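Structure, as structure tokens:
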Amino acid sequence: MREFFTKKMFRLAFWVLTLIAAKNGYAQQTVNGSVLSETNEGMPGVNIVLKGTTNGTTTDVDGKFVITVPGPESVLVISFVGYGTEEFTVGNQSQIDVRLTPDISSLQEVVVIGYGTQRKQDVTTAVTQVKPNEFVPGAVRNAGELLRGKVAGLTLSTSSGDPDAGVEILLRGITSIYGSSAPLVLIDGYTGDMNSISPNDIESIDVLKDASASAIYGTRGKNGVILITTKKAKAGLQPVVEYSGYVATESFNRKADFMDAGDVRTRIAEGVIDPSYDLGATTDWMDEITRKPVNHFHNISLRGGTSLTQYAANVSYQKADGMFIGSNNEEFKLRMDLTHYIIEDKLKVNFNVLKGLQKYGSFNGWTYRQALIRNPTDAVKDESGDWVEHGDQFQYENPLSLIKEQVYDDKSQWTWLTGSMSYFPVDNLELKIVGSQHQWSNETGTYQTKKHISNVRDGRNGVAYVGNGATTENFLDLTADYTKSFGLHRISGLLGYSYIDYTNSGSSITNFNFPTDNFSYHSIEQGRALREGLAGAGVDSYKSDWKLIGFFGRVGYGFNDKYNLLASVRYEGSSRFGNDNKWGLFPSVSAGWTISKEGFLSDVTAINMLKLRVGYGRTGSISTDPYQSLTRYAYSASQFYFNGTDWVSILQPVANTNPDLGWETNIEYNIGLDFSIVDNRVSGTIDYYDRKLEDLVFDYPVPVPPNLISTTRANAATMTNKGVEISLNIIAVKSDKFEWTTNFNYSLNKNKLKSLSNEKFKVENDFFYAGYTGDPIQMTTHKIEVGKAIGSFYGYKSVGLEEDPDNAGEGTWLIQGANGEVKPIADATEDDRQILGNGLPQWYLAWNNYVKYGNFDMSITMRGAFDYQVLNFQRMFYENPTIVYNRLSTSYDKIDGLTLASPQSYVSYYIEDGDFWKIDNVTIGYNFNRDKMKTFKNARVYIAGSNLATITGYKGIDPEVTRTGLAPGNDDRDKYPTTRTFTLGVNLTF
Amino acid sequence: MKTLNRKIFIASFFLLSFICSCTDLDETPTDVLTDKDLGNSPEILQALTAPVYTSLTNVMFGWHGFFDLQEECSDIIVTPARPNGWVDGGTYKAMHMHTWNSFQSQPGALWSRVYNALNILNSAIGTYESMEDVGTLVEELRALRAFYYYLLLDNFGNVPIVTEDDLSKKDFLPEQNTRAEVFGFIESELLEVIPVLSEEKVYGKMNKWAARMVLAKVYLNASVYIGQTKWDQAIEQVDDIITNGGFQLESNYQSNFIVENENSDEQIFSIVFDATRSGWFHYPWKTLHPSSAATYDLGSQPWGGSCAIPQFIDTYDEDDSRLNIWIRGLQFASDGSPVYNSMDPALVNVQLNYTKQIGNVDETQEYEGYRVGKFEIERGVTGNAISNDVPFFRYADALMIKAECLLRKGQADAAAEIVTTVRQRAFSTDPDKATVTGAALQEGSKYNYGTYKAGVMLTTEGGDDIQYGRFLDELGYEFAAEFHRRQDLIRFGVFTSKSWLTHVPNGDHRTIFDIPQSVLDANPNLSHNPGY
């Protein structure tokens, strides 16, 4: 195949050249040559261009080339990325051997900084780049998981084991009260998410951590920016085909230890449980609703190009079963990129298409809960084959009927179409116009049959739902980019305009009481409920839109590779802002001083590089939905007015106007030190940041009247995040056979809510509550208080049990009262609540290792989060012998020598330290010898294990729980348990 | 260089012309209306004004609504902790124990729902005042506004009186008024509009009779509100209703509370509910045990909480058919088969039997307590709301106001005559029992006050010492679970002086609730009510 391909290409190139030559009508001379690397290996894909023309060729896989030139005076320009360009006068030689040497300066890495790139040595801001060889290997669900533990200050957690679960991202702490703290994710400059493209289609991920780096993104930059750059073809690249694939399987790394049938019978024998609880059967309900999943992933990419036309394509398919029956995930993604120079060095066009399809599974926390709490002595089906149900028991449903008697189809697709044109009117100046449209749509259809609990108990007689949602996002960017070096000076400049509009619309129908199950949800008009206007049936549709327009500019100046300065500004307006506050200004400035280039350090050979960076920036974020600044009225969908004869629509005010509504602001100072010492064996980065988050959005109580509604959404709260990030890379061993690289990432963040008020909007009490236990406890879990960090647990501090005078051996909670006195929980008042811990880790550490021995390589990723607490919901709800449903085996463990007799309560007993250290990923790979293979240029097989071990004192399933929002640290009882994954994979390059 | 300049010039021109056309950031919503979209059409005006009535459904039975606020602090209904929850951070216990503060959810809900309605009322009154040919609409709305202020007067006392109709005056901040000022405002407004108001009975709407009921209530409680008695004025109001209103007592007490109760001749002012078009009326779900879904073929399981306080049940005459407002005893599914307990493992095979006995506010079993069944529960409801309308004022109330005023004026026999009339339909099997005497009405209450736990009286206070206690009992029988009790207990001096179930008195200032904290936070002109 390869030979055929090469021959064909060769022949094609020959004919093209022949034609070009013929057209030029010159006397001809054929030159054979080969290009060798510094290690005397043939270099494929090297550009050979006849100087002064666009005629040229590239070397074949062995580094050989043939070119026809007009005559001996012809000059060949031979170039390859990362190597110095060589020029040769052909003369009378018919065989030319050229040796290229690596170009140190051009080899220097480039980081992506938004609307452009920058040489790494010129970087003045806090930017971290992660390349594919550093990505977390093995089975990842999305691009976010590639970065786990790789960037100091960036925490990514997937607290769920659901195969379609997204990843929670925090960069430098919680940054908002009402809004999201998630960083902006841009794929080749356009809004996307971690799941938009295949993880194998990524060339690099650059994280803009501080505001001096992200200010170029204005009102989208506040939470930091993650720039994902896809793989592109390069000029003069031989066609390369790569295949990556794996199969993987999963298991829960820990299961909640509920009583099994045997435990129940033991307790019955002990007289602890009433004999009537034994229903005679033995069922492992978790076993019934779970399975041994098989997941697989395939990715094929093709890249190649000439000096004029470059192409890249990537297609990926992944399918994961998920541990729970029905919790599947299936994704298909295709991306194609084509670049062509219409006029070389003058006019370039690029076309890019991305298509993604995803089918989601139907994991429902409710079903999982039902399996946990269901009596293990109950049968799945009765003698007549019907699901066993107990309709009289409150919120108690057969989990298998919930899965098997429901049809669930949920799929999304997204299409991104991008076209751009670059014009280079003079050297070093690029004028670029990019237009892009992102479409996303979702279709969901569900049906609950007549055997589902919704009919067996509630008489719905078949329930169908159909829902559609779609978004369209249009982008237009105009940029002018100029770079120039003269003498010791390097200058760069950027001017741009950016336009985004976004539309979100959708509709849904719910109906029930169907004549037959045969239609599923495909003939939803057949349900009688909608016709009869019954509660629980209904239709709805919605639409909203917004616009964002920005003007931006950036200038950079470097002197002698020693001093660097970068300043940017963005002037941006959003339709979502109030009329009196439509536009904001977001400036930044940063400077770098490469101290190691100074004379006084030139003699210190131990220091290879030392650079000091300082930066200041102002960024924003839009934390409000469209139309929030306007006085709005809505026709009620659920309430109508009986005017004496008829029911008519009512119009209700839904929001007060706030013409000052605007962006949330981050004012950030960053100081950083980059260093490289001991022959570049030890390198690292230390950053200190100080973020002042102002104008945070909150719903403020306002008097009614004069206001229409008792709260107004406004920007008035202030918060700070201060922290340190340390990243250290050590090449511990480097020899021909053995190589060991190790990397540490440490981050510490201190968060403090400074104020909830400004001059205009005030709260008398400088606190509010957040988080919720859910029923039957029905209490808030967290207190957000001025002067404290976000994430404080707030509730009763339990100090033990008090024996019940009527029932010896049983006891109810004693708590610590407001004045330190001990009292029964029955006498507790709201004032007795106190701070019980904090759910946000104070610091994180990751330790990555990469070992290479001969053809083997191994990587080990470990990471931990420290100094925080977790509220263990499963223990709070199920470690209690008073409940009617199945419970944790530990329910009968004595507390202070007594058996718990209090109803389910939110007390500090269930708040545990969450500190953990995880062996996150171990991958062992073997690389086949290149010279022994005919078909492949590269071949590697590997096995990987993810989430292998967790060292923690936490008694729940996984201490890595949700960290976003205002109630971090709540380990929800219905959460899909995290899994351990084993993967067998291959990477092949053709 | 010249070429370069020209190229840059052309490019810049191209760029600039493009950009200037793309800086428009005005919003035009497509699925909501802004104030600019409203216009002044009659349909829009009606839709904008309608919430002044529809809000009543939310006021009454929205979560932690007016019903709960009046009943759960009283000696009739309690929401105790049960095996399936209902601790909820102590909110129900605070209602029972009178330990609420400015953060208590139920008073806060009333305040915000009422002021939202007042806002719309003020604006609508302003709009219609400026229009011609609107009949008595302005008076109707002013009477309705007085009704809302009556709720505030009764529950908070010292509230800001706002009649400002221009909502664009953002700098305006309401000032707090005294309870006496609020009383005076309601009185003068009603006296002014009543002569003009329509006598026509448009179902669910304010008219002359409803307005007179509001004024009668205000006068009846004047001793509480302003420290002056206004018995004659109250009688004057209800007399017009009795003589000219054309109302009569339904022969069957239960007819007032059935699903299709809109045809009752007894209803003076009703809140119109509908399972799908108004929602909110989910009290059956709040009171019933989950297993009772099978009894009423409910499409969703009840949540199982609120029930009767046993000491109140003990005051009933066993032949009083009004005892049937309580769901009690063994429970059966609609097909006649038994339904079972479901929360206590030891009881799951025992038939559900609603007992009179309960534990206390901290611990009550799943089956304990009579459940509130005053409003008929329609079979086969698919959502979790019922369609019965709620009579806020009914004719029996007018009669009992007259009786109480007469009693307090020393005309006990005349009062007894009216009370007997009201009682007659409750004792159809034994009409003699319906008769009460003037002397009897001057006796104390049969309610055995004192603290109680699981069938045992822990302390005994009794009710003999309550002046006109027997009349209070009569109000209890007639209006139990009709959001009357808090006001009546206060007027009879019981609310802050007696104990029941787990409740013990917790201060005389509890006769009004504190101003909600979120309201205090938002308006510096307001301060806490006395004692809080």
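No value in this document is a laboratory result; all are computed from the given coordinates. On a predicted model such as this, the values are computed, not experimentally measured, just so you know. Note: ideal-geometry Cβ built from the backbone for every residue, glycine included; neighbour counts use all protein chains shown.
Over 53 Å, how big is the tail of the calculated P(r) for chain A, in percent of all Cα pairs? Before the final figure, lay out the partial values.
Numbers: 121804 of 489555 pairs.
Everything past 53 Å amounts to 25 percent.
Please grab the % of Cα pairs in chain B that end up more than 39 Å from each other.
On the way: 41627 of 141246 pairs.
Beyond 39 Å sits 29 percent of the P(r) for chain B.
For the stretch B:172-258, applying the loop criterion from DSSP together with a ceiling of 12 other beta carbons within 10 Å to the GluC sites (Glu not before Pro) yields B:E175, B:E199, B:E200. In this calculation the C-beta distance from A:D867 to A:D775 is compared with R0 = 30 Å, giving a FRET efficiency of 0.40.
Please go through the stretch A:455-547 and write out the GluC sites (Glu not before Pro) that DSSP classes as loop and that have at most 12 other C-beta atoms within 10 Å.
On the way: sites: A:E473, A:E525, A:E532; in loops: none.
Loop-located and lightly packed - none at all.
In this structure, B:T420 and A:D893 have a Cβ-Cβ separation that, at R0 = 51 Å, corresponds to a calculated FRET efficiency of about 0.20.
Between A:V353 and A:Y688, the distance separating the two model label sites (each 7 Å from Cα on the Cα→Cβ line) works out to 5.4 nm.
How much length, in nm to one decimal, is gained on full extension between A:N608 and A:D766, taken as 0.36 nm per residue of separation minus their Cα-Cα distance? Before the final figure, lay out each step's value.
Working: separation 158, 0.36 × 158 = 56.88 nm, distance 5.12 nm.
Length gained between A:N608 and A:D766: 51.8 nm.
Loop only by DSSP, 12 or fewer other Cβ within 10 Å of the Cβ. Give me the GluC sites (Glu not before Pro) in the stretch A:58-99 that pass, ordered by residue number. Please report the intermediate quantities before stating the final value.
Details: sites: A:E73, A:E86, A:E87; in loops: A:E73.
Sites meeting the loop and neighbour criteria: A:E73.
Helix B:105-129 against the longest principal axis of chain B: what's the angle in degrees, Cα atoms only, rounded to the nearest 10? Between the helix axis and the principal axis of chain B, the angle is about 60 degrees. Charge tally for B:L25 (other residues, Cβ to Cβ under 13 Å; Lys, Arg +1; Asp, Glu -1): -4.
Between A:M286, A:S212, B:L197, the Cα set farthest toward the positive side of the dipole of the protein assembly as shown (charges on each charged residue's Cβ, about the Cα centre) is that of A:S212. Placing unit charges on the Cβ atoms only, positive for Lys and Arg and negative for Asp and Glu, gives the stretch A:140-271 a dipole magnitude near 420 debye about its Cα centre.
Taking the C-alpha atoms only, the angle from helix B:179-193 to the longest principal axis of chain B is near 80 degrees.
Across the residues of B:77-90, average count of Cβ atoms on other protein chains within 10 Å? Before the final figure, lay out each step's value.
Details: counts 0, 0, 0, 0, 3, 2, 7, 8, 8, 4, 12, 6, 12, 8.
That average works out to 5.
Working note: Karplus 6.51/-1.76/1.60 with θ = phi - 60° gives the stretch A:979-990 the couplings 10, 9, 10, 10, 10, 10, x, 10, 10, 10, 10, 9 Hz, where Gly and Pro are set to x.
Taken about its Cα centre, the protein assembly as shown carries a charge dipole of roughly 7520 debye when the Cβ of each Lys and Arg holds +1 and the Cβ of each Asp and Glu holds -1. Report the residues of the stretch B:497-532 in range of a label on B:L173: point 7 Å along Cα→C-beta, backbone N strictly under 20 Å from it. From the stretch B:497-532, the list is B:515-530. With Cα atoms as the point set, the stretch B:54-137 shows a radius of gyration and Dmax of 17.7, 60 Å. If R0 is taken as 25 Å, the Cβ-Cβ distance between A:I731 and A:E86 corresponds to a FRET efficiency of 0.20. Quotient of the Cα radius of gyration of the stretch A:251-393 and 2.2 N^0.38 Å, N being its number of residues: 1.87.
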